[in-house]
Amino acid sequence: MIRCFLVINNFGKPRLIKFYERLSNEERQKAIEDAYRLVSKRLDDLCNFVEDDNLFGGDSQLIYRHFATLYFIVICDKAESELGILDLIQVYVETLDKSFENVCELDIIFNQQKAGLILDQMITGGLVLETNSQEIVTKYKELERSMKQQEKESSNKNAGGTTGSYNKSPRAF
Amino acid sequence: MGISLFQKSLRDMISGMRSNRNNEEKYIQKSMEDIKKELKSTDMKVKTVALQKLTYLNMLGFDMSWAAFHVVEVMSTPKLLHKVVGYQAAAQSFNEGTDVMLLITNLLKKDLISTNPTERSIGLDCLSNIVTLDLARDLIADVYGLLSSSSAPCRKRSALVLYCCFLKYPDALRPCFKGLVEHLDDHEQSVVCSVVSVLCELVIKHPHNYLEMAPLFYRLLLNSTNNWMTMKLLKIFGALTPLEPRLTKKIVEPLKNIMSSTMAKSLLFDCITTVCSGMTSNEEIVEMALGHLKDFVLDSDPNLKYLGFKALEQFVKHIPETVLRFGNAALMCLSTADPTIRSSALRVISGLVSKKDLKEVIVRVLEHIPSADTAYRNELSEVVLSICCRDKYSLVSDFSWYLNILVELARVPGSVHGKTIAFQITDIACRVEAMRDDAVQAVRSLLIDPFVVEMGKSGSIGEVLKATAWITGEYASFVEHPKETIEALLQPGILKLPCSVQAMYIQAILKVFVHITNDLVCDDDADEASQSEKDGSTWVEGEDDAEEDNGDEELDKLGVVNELSDLILAHVDQYSDTPDPEVVERMSQLKAVLDLQKGMDDIKDVKDLFSKLHGIISEELQPISGKAQKKVPLPEDLQVIDPIMEEFFDEEFDLQQAEEDVEVADNQAASVTSSRGMDAAQALTEATEEQKKFADETAKNQLKQHREKHGVFYLSSDDKQGAGDMGEDDGGEVENVSVQEPPVDVSEDSATKVDALTSYRRKKKKKKKQPTDLVVKQDEDVNEGVDSPVKINKNALDVNPLAPLEDGEELPSVEAYPTSYSNEGDMPTYETSYEPVHSQNTEAPPAEKQKHKSRRRRKHKSRKEKEGAPQEATAAET
């Protein structure tokens, strides 16, 4: 079972975090720091697996890939297939690439929600939902479309009447 | 749109952070203040953007637990665009302790029964992320219902989410299991795949419950075209084959086919791991797997190399002799730059090394120490130390060689293994009498080397020096160069060592001095005389001349002793400033002895004094056999049958304490100080015949029950090998069977219910295994008690889901769904009440009421909170 999926940049700043276990804020930050500490000191020509007994409360393995300025890190239990997860990371990056066109760190920074929703189409509750990149893109597009459609419908509906929203703001002037 | 015009969007905030790198903290503080205000806005759009920003900041480590209620507000908007932001925030920030969880049950329920596939999917996803026991209990029926939806993506997702619910609410596993397994026949391959994923997780955790399903998995394995699914199935068989050896034969063929045909390395690797986890008895498949494994190990891709070694580690555990050929490849890998691969290779080496090639392997491992960094050096040292001391040094045949290796390891800069090295040197010197001479010679090089003493200041080498001083003092008769030794023991660098080491050094000086003086003055025998001359000649020049005259000789001897004591007295005062009382005390003792000797002119007095002193010091520390306790005869009046206290055996603590006492007694038979320890030890080792009989019968009965239940999986005759294998499992299995009815808190119940005597008996049989098991369980409970308000037993999923359901175990509200649920169009849009899932009478209110739901929910909130507690209580009772 996958325990978390992290995207961290070369300087240790988290860019996308997704935990499949419920942790407190501090525990999450510690996991992120630990993961970064483990991967950042590794050169690129080393293998993509890290073992650390203290990681995530034990019985975990860390599998990562380093692309340009970003580390894509998966922490999962030891029963998960190593190469399978490595492929999964590859699929995710490919999917991002398809959805953003030449994805770079900035895309993920400014489109976190999108990156997160794409991940949700791939992993649910720590189990792998879909491994086909094209299928993931399609599913995300469907989601996006239905969000936009609803938005359109509701704005059409509201076009005539008042929006009813409260407009006074303490920060207005 | 007032506020939204002036509100910073997420993009603005991130840009702002990037442009304010120098005072980012201040900027974030400012943003946080804005967010707090914006969250209170009634404009949903403003609120949503604020939440989005807060979620971003939370990712960077800023707390957002205070905003949980706002998260729920955003979650409950009908607009998907906003809702998604709320759901993502919830997934990121909610945990077991979040108190607003109660508010979202209905919200999620509405999503799960929505006709909009997008809502359903984000609802399922959100549930999977935030599920708690309460949510799982209230929503499992809906998730289960979605399993029969007409949309394949929905079925696929709900299967996975069901697993998330099982984890929190294990009682649901058995009722849902049948429906879940039915989807292994789903016409949509992707649904089958996700069901297999779920089953894989379940099987890996408790394989014995799923043996019956092996034929089903076998059929899937034959027909699977999806690599991901095949990998999961292989994992399942990897967990099942160790329990049922006959399965091996069955899956050999399909495995061979996969291995020879697949192009996917991941699949190939999983085949190999499946082989090594439970099929090592089949030579043919092992050979084939090893053939492929060789490609992995020798591959230039570090990932494949690492995995190759990782699999090798498993093979080494099961069939070391078959993988001996990989030893060289592992040794070659020690020079690779990748620490992960190196560690794995070291573990392989450590498993493969034998008595024959120990020397060669150790030398080749040590070769890498000079070029390694500190961490790796320590890793290498650790491996050498652990290989050699394994099974009481069973691999080491040449201790003289090993002592030198230990000395070499002590010199490794930055070593953290000083304590272990010190222990092993002392251990060998104590246990192997023939090695004492070698030990003294080996440690001499450490003793006289000022550089080593310098190293001892920091790090763990001080421990080695302590052992060195002790050995030199204890076995002073083997010291070849007394003057040099005493000078080494007095060198000024020692003052920088820890006090305990200093004390040991002073003690060693005393011992060496007493020994030498005794040798010098008490040698009436010719043999000893020549011995002492030999000793003396190395440090006293011109003694040869004096040898002829007897009177002169005696004077000379005194002279030698005086010279030595002068040397010591001149230097020993360096310790007087030490704050440690032990050092000062030993120093003054030493000085007192020397002063006594100084005051004596007559060699007879000296002889008298030192033979006595020598008598005190030279009593050897003897190693005591682990079985020594058994040789102590049992006192006749010892009462071991009646418990000392009635509740003695009920207390886990006492049992453990008693066991520790046994071990202490075993190890140090001479010093059994506590009478209670003695009693407990006797009580544990001497069970009466009746107790044994009773315990055996109980165990037999339980085993019988278990076999009857799972009879299919046992080979017809209880062959000895099988029985031996099963013996391992019996503990767990029997417990299982005996407490099947109450599925929760299995471990606790069984631990307390089992008769005190039985558990005591079992403990005795599995002295090492059983107590630790219990301790672990307690730990888990404690942890969970602290972490989460809801106590969940991790072993609660250890139930047999294949057994028929019992009364009251149905998933009640599933029936509230019409069977034609899959026809999406006319889905019932009933208002879900706050009844727990157990209640049957969920009524379906008219669809119009939906609109008022959110308002009603708030009204209901207080009611639910009131009702919540008793409902939970009853649920827990049932």
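The values are calculated or read from the model by the stated rules, or taken from the named source; none is laboratory data. Only a predicted model underlies this, so the values are computations on that prediction, with no experimental measurement involved. Here the Cβ is made from the backbone with ideal geometry for all residues, glycine too, and neighbour counts use every protein chain on show. SASA here: full protein model, heavy atoms, side chains in, ligands and nucleic acids out. Shrake-Rupley method; radii C 1.70, N 1.55, O 1.52, S 1.80 Å.
Just a few scattered comments:
- Across the range B:10-329, Cα-Cα distances exceeding 24 Å account for 64% of all pairs.
- Computed from the C-beta positions of B:ASN562 and A:ASP44, the FRET efficiency with R₀ = 60 Å rounds to 0.30.
- Only one residue of B:LEU298, B:PHE423, B:VAL383 has its Cα farthest out toward the positive end of the dipole of the range B:283-426, where Lys and Arg carry +1 and Asp and Glu -1 on Cβ, and that residue is B:PHE423.
- Cα-based convex hull volume of the range B:431-510 per residue, rounded to whole Å³: 81 Å³
- Screening chain A for whole DSSP H helices of 20 Å or more along their axis (Cα) with average Kyte-Doolittle hydropathy at least 0.0 returns A:82-100.
- Heavy atoms of B:TYR218 accessible to a 1.4 Å probe, total area in Å² rounded to 10: 50 Å²
- Per-residue accessible area (protein heavy atoms, 1.4 Å probe) orders B:ASP605, B:ASP111, B:ASP438, B:ASP577 as B:ASP577, B:ASP605, B:ASP438, B:ASP111, starting from the largest.
- Summarising the label geometry, the points placed 7 Å from Cα in the beta-carbon direction at B:SER261 and B:LEU802 lie 2.7 nm from one another.
- Approximating the spin labels as points 7 Å out from Cα along Cα→Cβ, the B:ALA434-to-B:GLU25 distance works out to 6.8 nm.
- In terms of accessible area, using a 1.4 Å probe and ignoring ligands and nucleic acids, B:PHE269, B:PHE423, B:PHE478, A:PHE100 rank largest first as B:PHE423, B:PHE478, A:PHE100, B:PHE269.
- Selected from B:THR517, B:THR468, B:ALA503, residue furthest toward positive end of dipole (the range B:417-519; charges at beta carbon): B:ALA503
- Extension gain, B:LYS37 to B:ASP637: 0.36 nm times the residue separation minus the Cα-Cα distance gives 207.9 nm.
- Computed [θ] at 222 nm, deg cm²/dmol, chain A (DSSP H ≥ 4; -39,500 (n - 2.57); rounded to nearest 500): -14500 deg cm²/dmol
- On a per residue basis, the convex hull of the C-alpha atoms belonging to the range B:340-402 measures out at 81 Å³.
- For the range B:144-254, with +1 on Lys and Arg beta carbons and -1 on Asp and Glu, the positive-most of B:LEU184, B:THR248, B:GLY145 along the dipole: B:THR248
- Charge dipole (debye, nearest 20) of the range A:2-140; +1 at Cβ of Lys and Arg, -1 at Cβ of Asp and Glu: 400 debye
- Student exercise, the range B:10-329 dipole from Lys, Arg, Asp, Glu Cβ charges, in Debye to nearest 20: 500 debye
- FRET E, pair B:PHE6, B:THR115, Förster distance 51 Å, beta-carbon r, rounded to 0.05: 0.85
- Cα gyration tensor category, rounded, prolate or oblate, for the range B:424-469 with a/c compared to 1.5: oblate
- Considering the range B:161-299 at the alpha-carbon level, its Rg and Dmax are found to be 15.4, 49 Å.
- Convex hull of the range A:1-99 built on C-alpha atoms - directionally averaged projected area, nm²: 6.1 nm²
- Dimensions of the range B:565-634 along the principal axes, based on C-alpha atoms and rounded to the nearest Å, stand at 52, 38, 18, largest first.
- Accessible heavy-atom area order of B:HIS571, B:HIS368, highest first, probe of 1.4 Å: B:HIS571, B:HIS368
- When the P(r) is computed for chain A, the part past 19 Å accounts for 61% of the Cα-Cα pairs.
- Accessible surface for B:LYS310 stands near 40 Å², nearest 10, in the context of the full protein assembly shown (1.4 Å probe).
- Summed over both chains, the contact between B and A buries some 6100 Å² of accessible surface at a probe radius of 1.4 Å.
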